[in-house]
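A quick write-up on the structure given underneath.
The numbers here are math on the coordinates, done by the rules we state, and not lab data. Treat the numbers as computed from the prediction; the structure is a model and nothing was measured. With ideal geometry, Cβ positions are generated from the backbone for all residues, glycine too; neighbour counts draw on all protein chains shown.
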């Protein structure tokens, strides 16, 4: 399979890349990891006239924490960089849990978190993780930079709010105000398949109580689902068997799964509940909960 | 090097975009003129005649086309040939020397790690990337590292044994 013919540019600076995109208009496409775009082009679902390959742009392959704990992931940071990160396990457990579950090991060597968010596949794993964490995207265009909350960034399946001449340069996870805990669990038929169900949970605790909680779901609706009520139900309370069960129930309620070859709607809803309980039970580090 | 393309449209030949790239493959430096839409797997197979790299699914699932680019395993059906400009590629043909098999190849022979053989080059290259970074992997490490490579013969048991055999040989 060959993609249809396109013009290829590999700029050396962000300004040059943005200029190229401006000239290319709607027919231009940014190529980062290419692990979604190239297959789409081969199947001719996408036939851009101009590919702007940003892989040669310097200084975008980072992921780092600011002094205040804000985590920044550059546009060329690969899933594998996050999987093998020395930073994430101690600071950001939800991201650390998700990174090894993205696609398969070889795809993770190329694919990027930022690219995955831009691709906006309704079954993408990172969108749920970043949504649970309340993250945002930094986009750069001819007029400078702007910050877009992830909930506003994705407008529909495979659609985002970027202007044709804007590049998503960074994903930002805000600094936690309490002790971060949480995780990502994914049920898949085999490595590399889309999630049958994915659940992202990010909580912050101060003393015994939860002060912030985000829960988001993958694969159980037409898009990433923010289980807002489930998260809010935990705030101001300690993680106990009761509060965890309540949040899990609320999360399962907002799931909109469909019966398909991956499982029945009922089964998927059950898995949402189970995963929320499982992640939050592990997140409970206060050891006050009766066994 | 010459790459001959299928011609299915009416575009004037002079309008077809072509780029000149320079890269190293299995230790040997090359210059090629490629259409940007040429996939790395096709450059390797058709352009260079290195048919050890297999294209199985063509949809980024099976991993039969796995090669190393600057030491990292990639699925060569999902990377454009123009993107290897300035980079170093290793294919399965780069494993053996003129006189000796690579321990991975020996391992697949000793432990019967191949049945039909189609997935084998990709398995070996994914295993090479693993052993380069982790010389003493557990069975779990090997299974994890090969989870992006499919064997339709389902010969995983012996593939894993072969990689562990190679790891031990490389350590000794």
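Structural remarks
- Kirkwood Rh in Å, taken over all unlike Cα pairs in chain B: 16.7
- Among beta bridges identified by DSSP and lying wholly in segment B:13-94, the antiparallel ones come to about 90 percent.
- Share of pairwise Cα-Cα distances greater than 18 Å in segment A:49-112 is 39 percent (whole percent).
- With Cα atoms, 0 to 90° folded angle of helix A:14-24 axis to chain A main axis: 70
- When its C-alpha radius of gyration is set against 2.2 N^0.38 Å (N residues), segment A:1-138 gives a value of 1.09.
- Relative to the longest principal axis of the Cα atoms of chain A, the long axis of helix A:241-254 lies at roughly 40 degrees.
- Computed on the Cα trace of the protein assembly as shown, the radius of gyration divided by the Kirkwood hydrodynamic radius gives Rg/Rh = 0.99.
- Cα-Cα P(r), segment A:7-53, percent of pairs per 5 Å interval: 5, 23, 31, 24, 12, 4, 0
- Expected 222 nm ellipticity per residue - DSSP helices of 4 or more, -39500 (n - 2.57), all of chain A, to 500: -8500 deg cm²/dmol
- Dividing the Cα radius of gyration of segment B:13-94 by its Kirkwood radius returns 0.95 for Rg/Rh.
- Alpha carbon convex hull of segment A:113-209, volume per residue in cubic angstrom: 106
- Here r is the Cβ-Cβ distance between residue A:260 and residue A:15 and R0 is 56 Å; the resulting FRET efficiency, rounded to 0.05, is 0.80.
- Inverting the pair-averaged 1/r between distinct Cα atoms of segment A:179-283 gives 13.5 Å as its Kirkwood hydrodynamic radius.
- Taking all C-alpha pairs of segment A:80-122, those more than 13 Å from each other amount to 53 percent.
- The angle separating the long axis of helix B:156-171 from the principal Cα axis of greatest extent in chain B is about 80 degrees.
- Kirkwood hydrodynamic radius (C-alpha pairs) into Stokes-Einstein, segment B:75-172, 10 °C and 1.306 mPa s, D in µm²/s: 114
- Per residue of chain B, the DSSP helices (runs of n ≥ 4 H) give a summed -39500 (n - 2.57) that works out to -8000 deg cm²/dmol at 222 nm.
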